[in-house]
1. Treat each spin label as a single point 7 Å out from the Cα along the C-beta direction, and report the residue 193 to residue 237 distance in nm.
2. Once both labels are modelled 7 Å past Cα along the beta-carbon direction, what's the residue 347-residue 111 spacing in nm?
3. In whole Å, how far is the Cα centre of the stretch 147-168 from that of the stretch 403-433?
4. Stretch residue 49-residue 424 to full length: gain in nm at 0.36 nm per residue minus the Cα-Cα span?
5. Restricting to DSSP H runs of at least four residues, report the calculated mean residue ellipticity at 222 nm for the chain, -39500 (n - 2.57) per run over all residues, nearest 500 deg cm²/dmol.
6. Need one number: nm distance between label points at residue 97 and residue 203, each 7 Å from Cα along Cα→Cβ, rounded to one decimal.
7. Sort 172, 252, 322, 278 so the one with the fewest other Cβ atoms within 10 Å of its own Cβ comes first.
8. Can you sort 108, 222, 53, 173 by how many other beta carbons sit within 10 Å, fewest first?
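Only the coordinates and a few stated rules stand behind these numbers; no lab work does. Nothing here was measured: the structure is a model prediction, and the numbers come from that model. Methodologically, a virtual Cβ is constructed for each residue, glycine included, from the backbone with ideal geometry; neighbour enumeration extends over all protein chains shown.
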C-alpha cells in the first residue's frame, strides 16, 4: 500500500454538542468492554524485555511499518505475520531480510505465517505489539480485536471507510485509553519535525486568526483497476475486490479517504482537531473505472462553526498537474507547506531551518519509547476525527448534498459486508455514485 503525506500529535477540544464519547451509547459499550479485559500498564517498562511484534497486512506499507518498528527498539522481534495471500508474506519477509540492521530481528517461524481472512486474530493472539496495515475496510474489526486482546497497536490510516466503522473505532479508542494501551496512528506527517514546528506556530497565533485553509492532493492513480478480462476464472467477487481493493469504496474509502486523507488531516490540524460543522463537495469519475466504483477527482468545501473555511482538491489521473501543498490564510499573514519546505510570511517571516527527520521512523521511535516508559501514545481522538472528516467529504461528493458533522457521525449507511462465509461471502457491487440521484445511500 502506498503511503502519502500527512502529520503530528496535537490534542484539540471537541464541541460539547458533538462529544460522542461523553453522551453516546458507544461510550457505555466501550466502558463495559474495557472492564472485561484488564490493562497491562507498564508491562514493558524494563527496556530489555523482548517486545513480540506482529504484522497484519504484508503489502508495501505493512512491510515498511515492520521495518520501522524493528529499527525503533533493539529488543523487538517480528514473530508473526498475517495476510490473505501467502505471496504477500513471502515478499515481505524477503524484503525485511535484506535490511542488514534488522535481519536478526525477523524471527517468523513457519507456523506463525497465518493466511486467510481470519489471519489477523491469529497474529494478535501471539504478539505484544500489532501493526495493522490491511485495506482500511477491515480496520475497525482488526482494531477492536487488538484492543480487546490488550495489545499495543500501530494502525495505518484511515481507520474506517464508513460511519458505522468510525463509531466502532471510537469505542476501540476509549477501550485503549481505559486499558492504557498504545495506539499510534499512521498519519505520518504528524511526526514530521518541520510540520510540527509550523503548526505549533500557527496555534500560537503567528498568522493571527485563521480565516481559510486550502490543501491539495493532485497525483496519479495509486492502483488502477485491471481490465475485467484479466480476472482469473473461478475467483470469487470478494477475492477479486480484495486483490484490487483500492478501487472499491468499501475497502479503500475512495482516493479521498485512503490517500488524500493526509491533506484532510492537515486541515484538521490547522483547526486543532476541532471538526467542521458541515461541507459540500463536487466530484466524479472522468476516466472509465474498469469495474471499480471510486471517483477519480473530488473537491470539498468545509465550514467550521466560526465560519472559517477549508478547501480540499483531490485528483488521481495520469498526465495531469501534480501538487501536494497546504496554504493557510490568517489575519496577520499566511503559511505554506510546499516543495521548498514550510514557511510563514506577513507580520512575522519564518522558515523552518531545524533538523529533518524520517517521519515514518519517528512515529515508531516515539511509539515504542512511550511503551517502554509506561505512558503509551494514544492518537485515537484525532485519528478518528480526520478519518470521519474524509468520509464526510466523500459523502457530500457522492450525494451532491450538504453533509453536517452529525450527519456523517450518525449515518447508518454501512458499506462493509460482514464476512460470514470466507471468500464465498456475498458482496454487493455498488455502481459509481451519481450525485443528486443516489441521495443518502452512498
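1. In this crude label model, residue 193 to residue 237 measures out at 5.2 nm.
2. Rounded to a tenth, the inter-label distance reads 6.7 nm.
3. Here the two parts' Cα centres lie 16 Å apart.
4. 130.8 nm
5. Value at 222 nm, helices only: -10000 deg cm²/dmol.
6. Here the modelled spin labels are 4.4 nm apart.
7. With the fewest neighbours first, 172, 252, 322, 278 line up as 322, 278, 252, 172.
8. 222, 108, 173, 53
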